[in-house]
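Here is the structure we will look at.
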Amino acid sequence: MKKELEDTQVALEASHKVIARLTEIGLSMSKRIEKMKVKKQLAKANHVECHQKFQARIHEAEDSMQAQHLIIEALVDEKDSLLQTIQVSKKLIMPLLHSMVIGRKNRKKNRKRKRLRIFLWARER
């Protein structure tokens with residue numbers, strides 16, 4: 001009976017050692033799992049932050065493109081307005097230029113006639 005008691009005690013000690021070792025392994029695994037959870041949370045937070053920054057950049061680019069589009073539209077409108085002003089100015093100025101050219105030609109003709117009269121008058125005397 002003493003032998004059975006010793007065998008039982010040895011088996012009990014062995015099972016305590018196994019249980020202690022399994023507990024250590026379980027605690028170690030729990031720590032690893034917690035570390036992995038923390039890493040996963042950090043990775044997720046990092047991903048969310050990167051995604052938000054990327055979305056912000058996209059939004060900034062869209063806003064910039066929209067602003068550039070509005071500027072281009074304003075410039076096109078200004079160009080059209082300037083072209084209309086030029087056309088109106090041409091319509092107003094062309095008759096003036098024409099009359100100035102005709103007046104200049106008439107003055108030249110009058111000077112030539114005057115010189116001719118002076119020449120003829122001087123020849124007659």
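The distance between label points at LYS90 and PHE54 comes to 5.4 nm (points 7 Å beyond Cα on the Cα→Cβ vector).
The modelled label-to-label distance between SER28 and ILE118, using points 7 Å beyond Cα along the C-beta direction, is 12.6 nm. With angles folded into 0 to 90 degrees, how steeply does helix 2-124 sit against the dominant principal axis of the chain? Use alpha carbons for both and round to 10. The two axes meet at around 0 degrees.
Ranking SER30, LEU120, LEU5 by how far each Cα lies toward the positive end of the dipole of the chain (charges on Cβ) leaves LEU120 at the top. In this Cβ point-charge picture (+1 for Lys and Arg, -1 for Asp and Glu), segment 1-92 has a dipole of about 420 debye about its Cα centre. Spherically averaged projected area of the convex hull of Cα atoms, the chain: 15.4 nm². Listed by chain and number, the aspartates and glutamates whose alpha-carbon sits under 19 Å from that of LYS3, ignoring those within fewer than 8 places in the same chain, are GLU13.
Label point 7 Å out from HIS69 along Cα-to-Cβ: which residues of segment 27-58 have amide N under 18 Å? In segment 27-58, the label zone of HIS69 (backbone N under 18 Å from the point 7 Å along Cα→Cβ) covers 57-58.
Other residues within the sphere of radius under 13 Å centred on the Cβ of GLN68, judged by their own Cβ, net out at -4 (K and R +1, D and E -1).
Straight-line reach from LYS44: taking Cα to Cα under 20 Å and skipping same-chain neighbours fewer than 8 places apart, the aspartates and glutamates in range are GLU34.
Counting charges near LEU97 (Lys, Arg +1; Asp, Glu -1) among other residues having Cβ under 12 Å from its Cβ returns a value of +3.
Computed from the coordinates by the stated procedures, all read-outs in this text should not be read as laboratory data. The structure displayed is predicted, hence computed values, not measured ones. Quick reminder, even Gly has a Cβ in these numbers, built from the backbone with ideal geometry, and neighbours come from all protein chains shown.
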